[in-house]
Amino acid sequence: MKAILTLFAIPALAWTTTAQEGPQGPAAEMQKLGVMLGHWSGSGTASPAPDTEAMNWTATTHVERIVGGHAVRETVHVEFPVPGFPPVDFVNLLAWNREAGRYTSMSVSNMSAGTSTEAFWLDANTLVINQSDFVEGQPVIERTITRYSGDKYAFTVERAQGTGPFHKYIQGSFERTQPPEGAKTIEASIGASKLAPALNKMSKMLGSWKVQGKMSPGPGVPEMSFTGTETILPALGGGAFEARILGDANESGFVYEGVWYMCWNDRDGAYDTFLVSNMGEVGHSQGRLADNEFIVADGLTQMGTPVANRMVLRLGENGIESVIGHAMHGSKEPMKVFEAKYERLK
């Protein structure tokens, strides 16, 4: 299921969907991702172009289930033994997209725009991810093959830019290890992050917020009230925002949990946002800042029905003030589906 309202309207989805369907456990397809879990250390080489000398790298990764097992998060730190070459940090989210009936891989880093693409398990131990991009004015295609074998795995990224030849862009191998005691994690250093220029414009969003409002996600569905908290922090060296949404328990005792990341997409001139939740939502959307309003507009499928959404978040002197959303379901008339006030907690 893709998020009905995406990003800031997410907390309300849990109450409405739960009332209609009841919460669903993780999809059976998520069991395959168990081979990925754990802490890993590895090394390999990277060749930016076919005619360039390969650079060595070392890396650590930590893979864990999040949002009640509905998604897996891989946190990666890569270092290069080259003076002045900065480390690369990124987060990968892998989840089963019930609405689309496929695995979705989403990635955000401190070096570039985020990505969202389909992932394939060829068998119990072989993961393939294909994606395309646009780099230096030319189309780029990549294929990543990862093969797991017990406490080890190896991967290869093959790449071609424009009409150039395919080459092994990145390759390496990892072994499952124990996290070193006292190791510095990305989460432990987020307070010292220096925001990327585009994210600095959105810095008023940072902090913890009490959210209270009402929503009606579709024609004929009664309006419902909701409350919850949303905590937004800098991550990945200031190259992204990371947020956790935690709903207050509804009448059935269900507590909604969502995690989203936001980064700047320079090519599209927009902010990319990637979300997973314990309702099985898997979503990617884009938003743009216009004066003091952040606008997210996208089209998606909700329970088989095409839906066009527009969410408008208003920023004031103290940060987020309010969010209002409208949607068009199928051929129905446009309707207000969401309205909420935000109050800063800290």
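The values are calculated or read from the model by the stated rules, or taken from the named source; none is laboratory data. Being a predicted model, the structure only gives us computed values, none of them experimental. Glycine gets a Cβ as well: all are built from the backbone with ideal geometry, and neighbour counts include every protein chain shown.
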**Request:** Answer yes or no as to whether residue 314 is in contact with an Asp or Glu (Cβ under 6 Å, 6 or more places away or on another chain), surrounded by fewer than 21 Cβ atoms within 10 Å (Cβ to Cβ) and within 23 Å of residue 196 (Cβ to Cβ).
**Result:** yes
Flagged in the range 255-270 as under 16 Å from residue 200 (Cβ atoms) and within 9 Å of the chain's Cα centre (by Cα), in numbering order, are 262
- State whether one or more residues within the range 277-291 are crowded, with 23+ Cβ neighbours inside 10 Å, modelled with pLDDT under 90, within 21 Å of the chain's Cα centre (by Cα) and of a type in the set (D, E, K, R). yes
- Query: Do we find that residue 90 is among the hydrophobic types (A, V, I, L, M, F, W, C) and not in a strand (DSSP E or B) in this structure?
  - Reply: no
The residue that is surrounded by the most Cβ atoms within 10 Å (Cβ to Cβ), considering only those in the range 226-250 that are without any contact (Cβ under 8 Å) to a residue 24 or more places away in the chain and out of contact with any Asp or Glu (no Cβ under 8 Å at 6 or more places or on another chain), is 248
Flagged in the range 296-326 as closer than 29 Å to residue 346 by Cα and not in a strand (DSSP E or B), in numbering order, are 317, 318
Per the filter on the range 1-34, residues at pLDDT 50 or above and either of a type in the set (Asp, Glu) or surrounded by 19 or more Cβ atoms within 10 Å (Cβ to Cβ) (or both) are 29, 30, 33
Margin query: Given the criteria closer than 23 Å to residue 326 by Cα, at pLDDT 90 or above and touching a Leu at 6+ places or on another chain (Cβ under 6 Å), does residue 307 qualify?
Written below: yes
Over the range 285-295, the set of residues free of Cβ contacts under 8 Å to residues at least 60 places away in the same chain, within 19 Å of residue 207 (Cα to Cα) and assigned to a strand (DSSP E or B) is 293
